Amino acid sequence: MAKVAFIGLGNMGGGMAANLVTAGHSVKAFDLNADAVKDAVSKGALGAERLADAVSGADTVVSMLPAGEHVRGVYGGEDGVFTHAAPGSILIDCSTIDVESARAVSAEATLNGFPMVDAPVSGGVAAAQGGTLTFMVGGSEEAFGKAEPILSVMGKTVIHAGDPGAGQAAKICNNMLLAITMIGTCEAFAMAEKLGLDQQTFFDISSKASGQSWSMTSYCPVPGVGPESPADRNYEPGFAAAMMLKDLKLAKTAATEAGASTPMGALAEALYQAYSIQGNDGKDFSGIINTLRAK
Ligand code: NAD
């Protein structure tokens, strides 16, 4: 059984750490928010007041943090993981961050004698609690081999995407595509409505025809149509629009750095930015259909 230091016990990390405890691993929990640590302790983790206490004696470090700056600080900062963890420990960052930060932190890990993977997830809070996340993993074969048994406890699918940063690259390419197909699906339903076509009838046709996508068949943005989705709960997330906007901004940065042409991704980002300004950050990302239907 592993001795895990878990850093970042928010909406996602809380459930993931609890699953490691349930599987029999020893988990020391650290978060800047003392209530998040308390909650982890109530689920069987040991609480740590400082990052150094969490990583001392650990052979595995898992982090689930908001953004690249937090990951750089937690690993490379003066009082960070590289200073306090035992060399050789496997480092697993599950946060969704920019590709450049993921590569920089991984390179620093190598210099300090740590195998490290970037392992962002697909799936929301329910999947984190249920242990059914999908992990997209970037790192060496050796690092992936060490991380895989831990990731398998927290998810149902673990895929080695390639070298350091490849997990983040897969995540933002996937989510950019998801945003584009969701907006396209919303546009098609809104236009069908204006043309007098029944929404269920359009679903029955398009979900079996060439317009089909996950956004339509698994996560339909129209209430009462298709399998149950956030549309049936007044667009409660699900996957919050603010999270989608974050991922689209990461995609834009990565596209600029790589010289990739992503006009549809840029348009999706502008539309979700407008949706955010209208006060919809906490709504599910499929709720963007209401801005199209309203027009
Ligand atoms: P969250 O804000 O609920 O949790 C982040 C936690 O990190 C907080 O508890 C915060 O106090 C802690 N933290 C921040 N800086 C810290 C530091 N220096 N040291 C220790 N703890 C620190 O966020 P979340 O929803 O759990 O998301 C975490 C990551 O997962 C993000 O990168 C997000 O993009 C990604 N993600 C989220 C979802 C989702 O549906 N929520 C889905 C997929 C991926």
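Charge tally for S218 (other residues, Cβ to Cβ under 14 Å; Lys, Arg +1; Asp, Glu -1): -3. Straight-line cross-link partners of K3 among the lysines, defined as a Cα under 21 Å from its Cα and at least 8 positions apart when in the same chain: K28, K38, K43, K146. Both radii were evaluated on the Cα set of the range 3-162; the Rg over Rh quotient, with Rh as the Kirkwood radius, amounts to 0.92. The fewest-to-most ranking of R103, R293 by surrounding Cβ atoms within 10 Å reads R293, R103.
Using the alpha-carbon positions of the chain, Rg (one decimal) and Dmax (whole number) come out as 20.3, 65 Å.
Every read-out reported here was derived from the displayed coordinates using simple, explicitly stated rules and does not represent laboratory data. These figures come from a predicted structure and were not determined experimentally. Because the Cβ atoms are built from the backbone with ideal geometry, glycine has one as well, and the counts that use them run over all protein chains shown.
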